[in-house]
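Novice: Take this structure, written in structure tokens, and hold onto it; I'll ask about it next.
Just so it is clear, none of the values below were taken in a lab; they were calculated from the coordinates. Here the structure is a predicted model, which is why all the values come from computation and not from measurement. A quick note on method: Cβ atoms are made from the backbone with ideal geometry, for glycine too, and the neighbour counts reach across all protein chains shown.
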Amino acid sequence: MDLAYTHEPTRRVMGLLGTRGLHLYLRTLEAAVEDEIVTDDEMSILRVIARAFALPEDVMGDAWDILRDQIDNPVDTSDVRAHEKRQIGDATTYQTALIAALIDEVITEDEWSMLDVMRRVMGIQPEEHVLIEEAVRAMASNVEGGASFVSRLDRYVTLHPYR
């Protein structure tokens, strides 16, 4: 007798929990892979999210498998709405991701998409975004090379105003 258990490929089981952090990570990774490439800059933003939400260090592999539908997504669709409500620390996490994107010379369209997803999922409001920009400017004024950093922020805000 042939049993499906021994002869059929099965979906791999993973150890990730369906948390808000994983939801945000998956949504952001989805924006990053639109061009099927995840750059170092995009990885920086994903690392910020992973650290902020205490996701496992190997989250990328499982996240890729979820997006490719090779393993089940542990994020319950009934929890998505709750995951996309504003929580303490969201502005700080977004600010850290924005800084990670600004560190190199250019914010790519994929990075812009990732930041946009973060803003929407985290519910960052326009007035909060202005405060985050001001905080980034203030921090940059206290470090060497801060003027060029602020210049990149200005270009970013001009090209991609908060919608």
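Novice: Using the Cβ atoms and a cut-off under 13 Å, what net charge is assigned to the surroundings of ARG20, where Lys and Arg are +1 and Asp and Glu are -1?
Specialist: 0
Novice: Please sort 138-145, 38-45 by packing, taking for each peptide the average over its residues of neighbouring beta carbons within 10 angstrom, highest first.
Specialist: 38-45, 138-145
Novice: Under 10 Å, Cα contacts only: if you run a Gaussian network model on the chain, which one of ASP116, ASP90, ASP65 comes out with the highest mean-square fluctuation?
Specialist: Looking only at ASP116, ASP90, ASP65, the biggest GNM fluctuation is shown by ASP65.
Novice: Could you tell me how many degrees, from 0 to 90 and to the nearest 10, lie between the Cα long axis of helix 40-52 and the main elongation axis, the longest principal axis, of the Cα atoms of the chain?
Specialist: 80
Novice: Only helical DSSP H runs with n ≥ 4 go in: add -39500 (n - 2.57) per run for the chain, normalise by residue count and round the 222 nm mean residue ellipticity to 500 deg cm²/dmol.
Specialist: Rounded to the nearest 500, it is -18500 deg cm²/dmol.
Novice: Sticking with this one: Binning at 10 angstrom from zero up to the longest distance, how are the C-alpha pair distances of the chain distributed in percent?
Specialist: 10, 36, 31, 14, 5, 2, 1, 0
Novice: A follow-up question, please. If I take every Cα pair under 8 Å that is 6 or more residues apart in the range 20-159, average their sequence separation and divide by the length, what percent do I get for the relative contact order?
Specialist: That works out to 31 percent.
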